[in-house]
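Input: a single structure, listed below in structure tokens.
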Amino acid sequence: MKLVLFVCVENSCRSQMAEAFGNVYGQEKIKAYSCGSAPSGIVNPMAIESMREVDYDLSVHDSKGFDRIPDMEYDLLVTMGCGDRCPGISATERQDWEIPDPKHMNTDDFAKIRDLICEKVKALIEHV
């Protein structure tokens, strides 16, 4: 099992969706976690609704910071395009996906970001 950490600033949209897709589609290959460098404390309601459309209940997640993830060496740290460097996180490999923040997008554009994240997570799983 590869340990993958998805990070964005608020841990309310992108990294939450990536963690969910990682654990749904990568059950045999990866264990996914997520956190934020400045967590908002809540998962964005639009993210919850968008994930409901693909039969995932994101409402059971919570927005968390670096202090609430397991302190271990991750095989891969993926930042979502928000400029986070995460120097305090130990990871063998680092990637930045440069995914636009959907926080203020309309429902259709939010879904496009969700689907992009899903595609990228599935591609990641294929290559681990």
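The values are calculated or read from the model by the stated rules, or taken from the named source; none is laboratory data. No experiment lies behind these values; they were computed from the predicted model shown. So basically every Cβ, Gly included, is an ideal-geometry build from the backbone, and we count neighbours across all protein chains shown. Heavy atoms of the whole protein, side chains included, go into the accessibility calculation; ligands, DNA and RNA do not. Shrake-Rupley method; radii C 1.70, N 1.55, O 1.52, S 1.80 Å.
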inquiry  = For the structure I just gave you, tell me whether Cys118 is surrounded by 12 or more Cβ atoms within 10 Å (Cβ to Cβ) and modelled with pLDDT under 95.
reply    = no
message = Quick check on this structure: which one of Met80, Met72 is touching a helix residue (DSSP H, G or I) at 6+ places or on another chain (Cβ under 9 Å) and in contact (Cβ under 8 Å) with a residue 40 or more places away in the chain?
response = Met80
query = Name the residues in region 1-11 that are at pLDDT 95 or above, open to solvent by less than 10 Å² (accessible area, probe 1.4 Å) and not aliphatic (A, V, I, L, M), would you?
reply = Phe6, Asn11
